[in-house]
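Chemist: Mind looking over this structure? Questions follow.
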Amino acid sequence: MPIKILIVSDYRDPVSTRPEAHAIIGLAKRGLDIHVMTFENTPYQQQFEKVGITIIPFHPEKKFDIKAIRFMRKMIKEEGYQIAHFFNSRASINGIQATRGLDVKIVLYRGFAGHVHWYDPTNYLKYLHPRVSKIMCIAKAPADHIRAQRFFNPDKLEVIHKGHDPAWYEGYGPIDVQEIGIPKDVFTVVHVSNVRPMKGIPYLLKSSYYLPKGLPIHYIFIGKGMDDPELQKLINESPYKENIHCLGFRKDVLNIVKASNTFCLSSLWGESINKATIEAMSLGTTPIITDIAGNKILVEHGKSGLVVPTKDPKAIADAILKLYQNPKLNEQMGINAKHRMQTVLHIDKTVEKMKIMYEKLVG
């Protein structure tokens, strides 16, 4: 009999959940009996059903939802799942309560490196709960953070990178940058994220202060929050202020990234295999990333991109200048970056490792 697994997750956003959804599809193709509990009419419903995945149109609306706990418990008892894999906080907190006293292995998902502490009682409702059998971490950094907590059994940790499929990016061509107000034949540095402290955007903006004046280098910021007064002040005081373009939310993000010369991740902490960086590398755009622990696997410095220290705008400027002055090197790094995504972080590796994890859990 195939292993019977309940997956509880939110698949309403087809872009952000694509690697996870396709990993689930891959597991079903490999013979596992997968049931997905998620919101009704999600974009992946037809793809799930096509490979034999059973859809349960339900997802907890809040934490500590008594109705959700009762419904999830009823389904787990009736279906006799061997494993329940919860992918978000609402699923985890309600799901763990729903499995009390039942013979089912619990797997949780962790993508952020931080905010799990042994002295925080709320963490015993999720990651530090004794009922949890495995925590699937998408990188070594979140696993190391949890491993450092007192009274925690490190055998529960499983590092499985969130893989991508090169085929997802084959249809994206470069946009004509003149359509977004950028001159033709300039060197473009793109950053994709909504503004948050962990993203280190001020340091990326300050890197423009360290570039030699007058170069045809343009910065592109895609995401919400760039109208923040402090960021606007940094832009207005930059010698490259006319070359800094804040585009806000865009549906053609990947086309813009494809057209850019380099992608820059200036994050300060917390990232674990940043999705936007993976997309840029899959499109063949050379990445510049900071040396935070969560993203160490992404780039081989000097081969598939450049790695710079955090909070160091001059180092970012030096990296940008190096790629600007060496177009052939930049082109080759972009090719190498794409190859790295096709080999080291392919979705098939994710599926195989998840399958092995599940098989070990059921013995």
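Chemist: Would you say Val107 is within 29 Å of Asp348 (Cβ to Cβ) and surrounded by 14 or more Cβ atoms within 10 Å (Cβ to Cβ)?
Modeler: yes
Chemist: On to the next question. Take the residues in segment 294-324 that are within 16 Å of Lys162 (Cβ to Cβ) and assigned to a helix (DSSP H, G or I), then tell me which one is modelled with the lowest pLDDT.
Modeler: Here the residue is Gly294.
Chemist: Only one of Ala276, Ala280 is within 18 Å of Gly223 (Cα to Cα), touching a residue at least 40 places away in the same chain (Cβ under 8 Å) and buried (at least 23 other Cβ atoms within 10 Å of the Cβ); which?
Modeler: So the residue among Ala276, Ala280 that is within 18 Å of Gly223 (Cα to Cα), touching a residue at least 40 places away in the same chain (Cβ under 8 Å) and buried (at least 23 other Cβ atoms within 10 Å of the Cβ) is Ala280.
Chemist: So, of the residues in segment 332-351 that are out of contact with any Ser or Thr (no Cβ under 8 Å at 6 or more places or on another chain) and closer than 11 Å to Thr286 by Cβ, which turns out to be surrounded by the fewest Cβ atoms within 10 Å (Cβ to Cβ)?
Modeler: Ile335
Chemist: Hey, Arg12 hits all of (1) buried (at least 21 other Cβ atoms within 10 Å of the Cβ); (2) under 29 Å from Ala167 (Cα atoms); (3) of a type outside the set (Val, Ile, Thr) but one; which does it fall short on?
Modeler: Exception for Arg12: condition (1).
Chemist: Looking only at segment 68-88, decide whether some residue is under 28 Å from Lys275 (Cβ atoms), free of Cβ contacts under 8 Å to residues at least 12 places away in the same chain and either surrounded by 14 or more Cβ atoms within 10 Å (Cβ to Cβ) or not β-branched (Val, Ile, Thr) (or both).
Modeler: Scanning segment 68-88, I find no residue that is under 28 Å from Lys275 (Cβ atoms), free of Cβ contacts under 8 Å to residues at least 12 places away in the same chain and either surrounded by 14 or more Cβ atoms within 10 Å (Cβ to Cβ) or not β-branched (Val, Ile, Thr) (or both), so the answer is no.
Chemist: Return the pairs, sorted by first residue and then second, in which the second residue is in a loop (DSSP other than H, G, I, E, B) and among the charged types (D, E, K, R), the first residue lies in segment 193-210 and is surrounded by fewer than 19 Cβ atoms within 10 Å (Cβ to Cβ), the beta carbons are less than 9 Å apart, and the residues are 6+ apart or on different chains.
Modeler: From segment 193-210, the pairs are Asn194/Lys224; Val195/Lys224; Val195/Asp227; Val195/Asp228; Met198/Glu271.
Chemist: Within segment 46-73, which residues are among the acidic types (Asp, Glu) and modelled with pLDDT of 95 or more? Break it down into steps so the answer makes sense when it comes.
Modeler: Taking segment 46-73 first, the residues among the acidic types (Asp, Glu) are 49, 61, 65.
Result: Glu49, single match.
The values are calculated or read from the model by the stated rules, or taken from the named source; none is laboratory data. Keep in mind the model is a prediction, meaning the values are calculated, not measured. With ideal geometry, Cβ positions are generated from the backbone for all residues, glycine too; neighbour counts draw on all protein chains shown.
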